Amino acid sequence: MALCASGRRGDFRHAHHRHPLRPARADYGTGNGSASTRRARNSASETATGRAETTTSYRGGFDTSWEVDLFGGRRRSVEAARYGFDAAEEDLRNVMLVLIGDVAANYSQARASQARLSLARTSARSHRETASLTRTRFEGGAGSRAEVANAEALAAITEADIPLFEIERTDAAHRLATLLGIQPGHIENQLSHAAPIPRSKLPMPVGIPAETLLARPDVRLAERRLAQQTARIGVAEAARYPSISLTGNLATQALSLSDLAEKSTIAWAVGPAVSIPIFPSGQLRAAVEIERARRDQSFAAYQQAIFVAIEDVETSIVALTQQRNRSATLASAVSSYQTARNAAQVEYEAGASDYLALLDSQRELYRAQAALIDSQLGLVHGYISLNKALGGGWNGVVETSIPLVIDGETGPRVRPRAEPALAARR
């Protein structure tokens, strides 16, 4: 659906959840390099010539450190970061799933409101014609004043539904515009031409619970968070044991920038370092217990996500099945009421029956037609809910590398010099 594609580009919830993926992707390795220049004036007592001299020196260097991952702390830290990135992706998928479901539901609501509005206008026009016919018969001495009043009341009460359906249609269109991130006027133009309430083209595939759990992003999000928290236990556990690292640095210095590569002085150092956590051992043990407690919380959240998923699927299946049955029954009722209304209209115009039978048939037909529209909308909502419960509706790719706000002046800038007049006042 084109509106769903627009929602992926314009919705603010989508933008809010897609940008945490960028810092998650950026959290990887580091390296240090340095360069400096120094200009100094040495006194006569500090130089070999006995005269004061001004010298300029240049220095460049590189520092590096590598930790031997004896107890798997670094490896587990990388795993935790990877699981955190996966969780951020699943969170985005969950937002997209909800967004597409909301767009589809509000679009269906807008079309259903249009159908109710069209039904109210058509029925009000028909009831007003019947009221006019009843007044004509009364003026000709073939009816009663009560029949005229009942006919005009039915026409008026039907006309009174028109403003309510206008409000309902406008409200759904504006909610849809908010979801799409566009101005309400644009969506009003797209919805200006009436269209039927959308219907599912294919029967809804219902998988076994295992397939459902694999498809739902909220379940996979909870599972990734559990895996991330489990990896953090390994990080905290490794911090209790000694760590060995190798450090090294290389530096070169010369009096001329062109001499750094050939005629410079070179200094280097390399050696191991051992760190043994003796005194904070109790604190480190407590840190491990804290991570285990957080792991248990994540596991409980994972279990809850599974139970909610099963509940949503079972409830949606029942609701969709019952809505289909109700819609079929209402369609049959509308057909019967149309037959009854047509027969009552013919008999009333022929003088074979009173207006009460026609009034009842018109009222019940209008009520059944409105209920059928509501049932068709409920059927669409049930289909959308089942899709969401099964984790379907979104399998695309969202661009997360482009910033939401592009600022061309974020780099370092030299402070501008004060204007002469301003500097004089200061």
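The values are calculated or read from the model by the stated rules, or taken from the named source; none is laboratory data. Not measured: the values here are computed from a predicted model. Using ideal geometry, Cβ is built from the backbone for each residue, glycine included, and neighbour counts are taken over all protein chains shown.
A few comments on the model shown:
- Any pair with Cβ under 7 angstrom, 6 or more apart, that starts in region 62-80 at a residue that is of a type in the set (A, V, I, L, M) and ends at one that is modelled with pLDDT of 85 or more: A80/Q228; A80/A231; A80/R232; A80/V235
One line per residue, one yes/no per condition, for (1) at pLDDT 90 or above; (2) more than 30 Å from R220 (Cβ to Cβ); (3) under 48 Å from the mean Cα position of the chain (by Cα):
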{"position": "A251", "(1), (2), (3)": "no, yes, no"}
{"position": "G271", "(1), (2), (3)": "no, yes, no"}
{"position": "F279", "(1), (2), (3)": "no, yes, yes"}
{"position": "Q297", "(1), (2), (3)": "yes, no, yes"}
{"position": "I310", "(1), (2), (3)": "no, no, yes"}
{"position": "V313", "(1), (2), (3)": "no, no, yes"}
{"position": "S332", "(1), (2), (3)": "yes, yes, yes"}
{"position": "S335", "(1), (2), (3)": "yes, yes, yes"}
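- Output for region 99-132, where each listed residue is farther than 19 Å from D171 by Cα and among the acidic types (D, E): E129
- Among the residues of region 117-154, those identified as within 30 Å of L191 (Cα to Cα), crowded, with 17+ Cβ neighbours inside 10 Å and small (G, A, S) are A120, S123, A124, S126.
- Considering only residues in region 311-340 that are of a type in the set (S, T, N, Q) and crowded, with 17+ Cβ neighbours inside 10 Å, the one that is nearest to L372 (Cα to Cα) turns out to be S327.
- Per-region count, region 268-298, residues aliphatic (A, V, I, L, M) and in contact with a Lys or Arg (Cβ under 6 Å, 6 or more places away or on another chain): 1
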